[in-house]
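No lab work stands behind these numbers, since they all come straight from the coordinates. In this text the structure is predicted, and so the values were computed from the model without any measurement. For neighbour counting, all protein chains shown are included, and Cβ atoms are generated from backbone atoms with ideal geometry for every residue, glycine included.
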Amino acid sequence: MADMSGGAAGAGGAPGGTAAGSAAHAAPAAGAEQAAPAAPAITYREAVSEALARELRRDPAVVCLGEDIGRAGGVFKTTAGLFDEFGPSRIWDTPISEQAILGLAMGAAMTGMRPVAEIMFSDFFAVCWDYLANEIPKMRYMTGGQVTVPLVVRTANGGGLGFGAQHSQAVENWALAIPGLKVVAPSTPADVIGLMASAVRSDDPVVFFEHKGLFASKGPGAPPGHVVPLGQASVARAGTDVTVVGLAATVPMALAAADRLAAEGVSAEVVDLRCLIPLDMASVLESVRKTSRLLIVEENPYQGGWGGTVASIVADEGFELLDAPIRRVAAACVPLPFADALEDEVIPTVEKVLTAARALLAY
Amino acid sequence: MADMSGGAAGAGGAPGGTAAGSAAHAAPAAGAEQAAPAAPAITYREAVSEALARELRRDPAVVCLGEDIGRAGGVFKTTAGLFDEFGPSRIWDTPISEQAILGLAMGAAMTGMRPVAEIMFSDFFAVCWDYLANEIPKMRYMTGGQVTVPLVVRTANGGGLGFGAQHSQAVENWALAIPGLKVVAPSTPADVIGLMASAVRSDDPVVFFEHKGLFASKGPGAPPGHVVPLGQASVARAGTDVTVVGLAATVPMALAAADRLAAEGVSAEVVDLRCLIPLDMASVLESVRKTSRLLIVEENPYQGGWGGTVASIVADEGFELLDAPIRRVAAACVPLPFADALEDEVIPTVEKVLTAARALLAY
Amino acid sequence: MTTTGLAGSAIGAGELLGLYERMAVIRRTEKAAHDLFLAGLVKGTTHLAAGHEAVAVGASAALRPDDYVFATYRGHHHAIARGATPEECLAELMSRATGVCKAKGGSMHLTKASAGMLGSYAIVGAHLPLAAGAAWSAKLRGSGQVAVAFFGDGATNIGAFHEALNIAAVWALPVLFVCENNLYMEYTPIGSVTAVANPAADRAPAYAIPAELIDGNDVVVVTEAVSRAAERARSGGGPTVIEARTYRHFGHSRTDPATYRPADEVAEWLRRDPLDIARGRLAEMGVAPEQVAEADERAARLVAEAVAAAKAAPAPDPREAFTDVWADGGSAWRT
Amino acid sequence: MTTTGLAGSAIGAGELLGLYERMAVIRRTEKAAHDLFLAGLVKGTTHLAAGHEAVAVGASAALRPDDYVFATYRGHHHAIARGATPEECLAELMSRATGVCKAKGGSMHLTKASAGMLGSYAIVGAHLPLAAGAAWSAKLRGSGQVAVAFFGDGATNIGAFHEALNIAAVWALPVLFVCENNLYMEYTPIGSVTAVANPAADRAPAYAIPAELIDGNDVVVVTEAVSRAAERARSGGGPTVIEARTYRHFGHSRTDPATYRPADEVAEWLRRDPLDIARGRLAEMGVAPEQVAEADERAARLVAEAVAAAKAAPAPDPREAFTDVWADGGSAWRT
Ligand SMILES: Cc1ncc(C[n+]2csc(CCOP(=O)(O)OP(=O)(O)O)c2C)c(N)n1
Ligand SMILES: Cc1ncc(C[n+]2csc(CCOP(=O)(O)OP(=O)(O)O)c2C)c(N)n1
Ligand SMILES: [Mg+2]
Ligand SMILES: [Mg+2]
């Protein structure tokens, strides 16, 4: 897809919520990983190329490959400038051969390189799923630890832009189902940079979801050397009455809902998971201990969604903390329709989050 | 894999449980779909070929394709006899081209046929996932209902046989994540026949999981014309103290555990979901209403497993019914190891079900 | 592999004028889609086929009404060539209830099953096995139908291409693999990512499939090549690969200005516009310029009316989001 | 494509005797694996490579110790040819803690990374892109290493084959694609599901890759062909396809009696046993029969000791099930 760089700022009907949300979001609970307040604002899109550039500069073993990522700078412009700075020996344009892209990345990772492979749209994981499901995640285990596979698979994920059923899916839950993959899905530019640093430096394979609906959103950049460890959720907004757990584009959505709830006198705590694996259930359970109410907002369909895993852990280990049912706002169980009016019916929106939150609070 | 017909009778450490379980299991709550008591016992493996033969006889539009399914009768012998009875115009041997297998099935289903495609091991879904995730399930919706895709994808699923990390996975949860697929996983020979009849006759695409660990297990056969509707769970054993929900190989496991619990004076109700889509939550909630305790036994890894979806629905809609946390016995979050001693550590066993059930009852 | 030039043709003047008009309709529809996109009336993305018209129209002219075609996300031309109306296509792009797929598919998924246009697919290469499957079905039913998969040069490097061609050859399926080689996969010259010069035709021998490398901008050449291949397929001769060289007039998608293409290359191909080539042939055949002008006017009127009607059409009922998943019309997934 | 027969060779008698002994070790290990399987000491499944020894041993003889090889589920011969011991391989098959993969991989996943044997893969075709990736890595690092993917005839019909060969050619990667064509994919003759006669070699031109069709049962022929290809790869000449005709002595896997193979075909190929061919060459070169017998004895002793040691080795610690997922050695997935 050419020039997809014009994607909407807030996905899934969170316009207006993003800015307000980001302010709160830039001050995560864990001070260590906080972006310096003075960092100039950048877009999520710019953060991706900046994140890659930092790692490419730091480590000569890092090498990128993917379709149209080189001279063209990527269809989402998330690799803009890399070819100019690093040249064709570091930034490789591939044929339309997703199995080869991930297979080459894996073979190179097994032999001393640290490849960062781009799969243009996460929907295309389906044509190279064998590498994500059977090869990359199982190699280390099957060989009794002989071989590690330090690579990153980046992909543009998620809906809300009218790209239809085969270019809009949020498939973090596919990756969640596979032991052996680390799964990252940042919601802010600073987290893109900090989590990418961890992902590239990780000796484990990492699937890195970049949300299409967030590319144009802005937030504080990241100071040099910014690293966010994998597996630590951030409390994007502190609150006491209900815990709202989000990931990627559902975080600004949850923050926008929290703003509106605040106007209604309700204090919602928004937890940005940031990673599905490692899954920071400690933070979720800690939040539920405080609020006694849990709402999970996920973009994938309800059936088989990642919220089911989070909910089941809380329904087990946090059973006594709960004063109300656990509720999930997820996409409807249908393929994604093209028309924006229909798409809004299917994927989560601020309104749907609000409705669910109010119901929980009224319980 | 040649001659895999010798698979163990009870998967996942349920030896001995199968027989006892089957007896109870043959008398499901819904009388309408009950196998005639006089039906002679057959193996689950024989039930597959019998089920296919019945549909091939009934409808000339039914046609089978897959690797080594013809003259060889399938690596699991689940298509034994079909080539002899129906010949090469109905039973097609393919190259090792899983994308072509499912693509051809889809194209044929769109144009008047009712193909039944075999993917030899469910792990191989990963090399043709695009057809299961993006093409087959979305076609009808994307075209506004213009095109239906009446096909069945059969596959040998599950572990417990020492086939290693790439030939042992239980991946019903992969299919669960995709709206537009019906997902079937029978636990008894009679259900294989009755559910296959529904699957082949369905105008919707159906993924049909045959559990490798059950192939050698025996149970009553099915009378002529036996049809089990999709989306109806069966109460494999009635009970009052705890609900144990299982699927495929975890059903005999749950039944074996229920036997042992009975000896301890505990009455466990075992619900065999039989299908993940449509998901019969009404039966699960009805059972929990009675028992107030829910234990879910699933073979896939905990992370992203189907039990999360079941648990989250009960934690929402059944919250007030629960007297104890919801617990899931699932596989550990690691690839499947080869050695049987290690594999038993990873996948669910009767012992693990017992331990979890006792803990719930003591709550 | 045969290389076919501007050979003498059996297509008469009247028929050719009809083909010309169909191409003119497609060209104007694509131009309209472009303008509507820039005006913000088309959401998501579009992949326009202006420049590729001769492939679609020529192929359709060579096929039976009950044959099957399968296209890519760049498939407006195939939908219209097979009989979808510009109005229902533009309504689809503009998210109207009257869209050919009820606005659920969008630009990348135009489908008109009643005309044997069995879909546009947005996962590169995925539909090649589907076309083989439709051909298999035709063979099983003894219907004499053929199936055609249209795909880009870039699609020849993905696994599904390989699997489809091999099985089609082994099973001698009545399927045509028609590559629209427009020299680019998105922004990357196909030659820089492909081991052979003619990505489809040079691979056909790996499957023992006969191939033709043709001028995809000459509707007569396309019609003849597809006719030959369809004829062979219907008579049990199995699949054919046709690689049709062509060029897209717009960028790859949306607002891509296609600056990665050398100006002289663009200029040369614009000189080889399929409409111009057809006009030249019509003139050679003695068709009066007024007749051509009338065809152009009819095309312009049809498309203008289509734009107006599509604009005036209502948005889909929001409840449509929850229909059409299952054959029963609904989307219930649980009790 | 070159067809190479029994040409004169640069391999000396001493070297050939070494290769013979290595093949004898593999043959006996496979026989032992078969017997252990029948005795119930090997769980799951095995795919024995008896009959294929010359491919593995010849290729290894032509490679540098730091080159990379990638094999299939039928990969015992490659593991041993590269330096894995029969003991650690049989221990793996028998689920012992001393297995080459700690009994976590099993027969289908033998791996000996320290010897450049980077794994056995059980999803047909999946490792061809991996070998290309290792070759890409070698190129990026300027190491002069080559990578070799061994695969079966059946693997040539899956998409990953196509994608790997195309990108390897375009990027001129130092990778060798070595097809062990044993005429069958499981129980199905490869000719009945493949559009061309030589499934790998006949496809190489589709990627502009040079190909050799060779006698895979003659260890000298294999050594020479792989040497040539490795040399070209190291000097920047890119990939080569080698199709080595061979035959398996056992069934496809487990207890498959392989009744689908015509008796005369089996007999003919047993006459062409790679060990016999090597013995014939040794005799021609004047090596004394006693020397060969000594090699056989050493092989027999090694394997007998391996069986005994593997049998005596302990089962893995159950806690091993939860190690080796992550690079930190553990398997924690949540807090
Ligand atoms: C499997 C897959 N990979 C990548 C893409 C993204 N993509 C869409 S169109 C395209 C280029 C296709 O080029 P070509 O096949 O030549 O067709 P053209 O667009 O030129 O008509 C790419 C890479 C996709 N849709 N599917
Ligand atoms: C993707 C995939 N499809 C199917 C199989 C099942 N399978 C295992 S081996 C085999 C036959 C392979 O034949 P070939 O490539 O000729 O290798 P050989 O076994 O003859 O050495 C098949 C179909 C698999 N492992 N992976
Ligand atoms: Mg192109
Ligand atoms: Mg073979």
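Where does chain B land at 222 nm, in deg cm²/dmol rounded to the nearest 500, when only DSSP H runs of n ≥ 4 count, each adding -39500 (n - 2.57), divided by all residues?
Details: 12 runs with 120 residues, N = 363.
Calculated mean residue ellipticity at 222 nm is -9500 deg cm²/dmol.
Residue-wise HN-Hα couplings along segment D:28-35, as the Karplus relation 6.51 cos²θ - 1.76 cosθ + 1.60 with θ = phi - 60° gives them from phi, are 6, 5, 5, 4, 5, 4, 4, 5 Hz; Gly and Pro carry x.
Under 18 Å from a label point set 7 Å out along the Cα-to-Cβ vector of D:Leu270, the amide N atoms of segment D:8-31 belong to D:27-28, D:30-31. From the residues B:Pro137, A:Thr291, C:Gly14, which one has its Cα farthest along the dipole of the protein assembly as shown in the positive direction, the dipole being from +1 and -1 charges on Cβ of Lys/Arg and Asp/Glu about the Cα centre? Of the options given, the answer is A:Thr291. Quick check: from the Cα gyration tensor, does segment D:67-165 come out rounded (a/c under 1.5), prolate or oblate? It comes out oblate by the Cα gyration axes. Basic side chains Lys and Arg get +1 at the Cβ, acidic Asp and Glu get -1 at the Cβ, and with that the dipole of chain B about its Cα centre reaches some 500 debye.
Once the Cα atoms are used to define both axes, helix A:44-58 deviates from the longest principal axis of chain A by about 40 degrees.
Label separation (C:Ala263 vs C:Ser192): 2.0 nm, computed from points 7 Å beyond Cα along the C-beta direction.
3J(HN,Hα) couplings calculated from phi for segment B:218-223 with the Karplus curve 6.51 cos²θ - 1.76 cosθ + 1.60 (θ = phi - 60°) are, in sequence order, 10, x, x, x, 10, x Hz; Gly and Pro show x.
Summing charges over neighbours of C:Val25, with a neighbour being any other residue whose Cβ is under 14 Å away from its Cβ, gives -2 when K and R count +1 and D and E count -1.
Between segment B:265-289 and segment A:316-345, the alpha-carbon centres lie 22 Å apart.
If the chain linking A:Arg58 and A:Ala359 were pulled fully straight, counting 0.36 nm for each residue of separation and taking away their Cα-Cα distance, it would gain 103.4 nm. Rounded to the nearest whole Hz, the Karplus-based 3J(HN,Hα) values (6.51 cos²θ - 1.76 cosθ + 1.60, θ = phi - 60°) of segment A:175-184 follow the sequence 5, 4, 6, 10, x, x, 10, 8, 10, 10, with x at glycine and proline.
Please state the shape class of segment A:243-358: rounded when a/c is under 1.5, otherwise prolate if a/b exceeds b/c and oblate if not, all from the C-alpha gyration tensor. Judged from the Cα gyration tensor, segment A:243-358 comes out oblate (a/c at least 1.5, b/c at or above a/b).
Could you tell me the calculated FRET efficiency between B:Lys290 and C:Ala327, based on Cβ-Cβ distance and R0 = 41 angstrom, to the nearest 0.05? The formula returns an efficiency of 0.75 here.
Each Lys or Arg adds one and each Asp or Glu subtracts one; over the other residues with Cβ under 10 Å from the Cβ of D:Thr194, this totals -1. Taking amide H as placed 1.01 Å from N in the peptide plane, A:Leu279 has its amide H under 5 Å from the amide H of D:Arg334, D:Thr335, each at least 5 places away in sequence or on another chain. Straight-line cross-link reach from C:Lys112 at under 20 Å between alpha-carbon atoms covers these lysines, not counting any fewer than eight positions away in the same chain: B:Lys138, C:Lys102, C:Lys104.
What does the charge count around A:Gly305 come to, taking other residues whose C-beta lies under 11 Å from its C-beta (Lys +1, Arg +1, Asp -1, Glu -1)? Computed value for this residue: -2.
For segment C:17-56, the residues whose backbone nitrogen is under 13 Å from a point 7 Å from the Cα of C:Glu294, taken along Cα to Cβ, are C:17-18. The relative contact order of chain B comes to 20 percent, based on Cα pairs under 8 Å that sit 6 or more residues apart.
Kirkwood hydrodynamic radius (Cα pairs, Å) of segment A:75-193?
Values: mean 1/r = 0.0646 Å⁻¹.
This gives a value of 15.5 Å.
Counting only lysines at least 8 places from A:Lys290 when in the same chain, those with an alpha carbon closer than 29 Å to its own are A:Lys182, A:Lys352. In chain D, the DSSP-assigned H stretches of four residues or longer account for a calculated mean residue ellipticity at 222 nm of -13000 deg cm²/dmol, using -39500 (n - 2.57) per stretch and the full residue count as denominator. Scaled against the 2.2 N^0.38 Å expected of a compact globular protein of N residues, the Cα radius of gyration of chain C reads 0.97.
Dipole of segment A:42-220, Cα-centred, from +1 at each Lys and Arg C-beta and -1 at each Asp and Glu C-beta, to the nearest 20 debye?
On the way: 15 positive and 19 negative charges, 65 e Å.
About 320 debye.
By its C-alpha gyration tensor, with a ≥ b ≥ c as the square roots of the eigenvalues, how is segment C:172-236 shaped: rounded for a/c under 1.5, else prolate for a/b larger than b/c, else oblate? Note, shape of segment C:172-236 comes out oblate.
Since only B:Val149, B:Thr94, B:Ala258 are under comparison, the one whose Cα sits farthest along the positive direction of the charge dipole of chain B, derived from C-beta charges on Lys, Arg, Asp and Glu, is B:Val149. Using only alpha carbon pairs under 8 Å that are at least six residues apart, calculate the relative contact order of chain C and give it in whole percent. Computed value for chain C: 24 percent relative contact order. Backbone amide hydrogens, once placed in the peptide plane, bring D:Val148 within less than 5 Å of D:Tyr68, D:Val69, D:Phe70, D:Leu176, excluding anything fewer than 5 places away on its chain. Considering only C:Thr223, C:Asn166, C:Leu38, and ranking their Cα positions along the charge dipole of chain C that arises from unit charges at the beta-carbon of Lys, Arg, Asp and Glu, the one farthest toward the positive end is C:Asn166.
Here the dipole of the protein assembly as shown is about 480 debye; that uses its Cα centre as origin and unit charges on the Cβ of Lys and Arg (positive) and Asp and Glu (negative). How many angstrom lie between the Cα centre of segment C:123-196 and the Cα centre of segment A:56-90? Segment C:123-196 and segment A:56-90 have Cα centres spaced 31 Å from each other. Could you please state, rounded to a whole Å, how far the C-alpha centre of segment C:236-282 is from the C-alpha centre of segment D:19-65? That distance is 55 Å. Residues whose amide H comes within less than 5 Å of that of C:Ile214, counting only those at least five positions distant or on another chain, are C:Glu243, C:Ala244, C:Arg245 (H built at 1.01 Å from N in the peptide plane).
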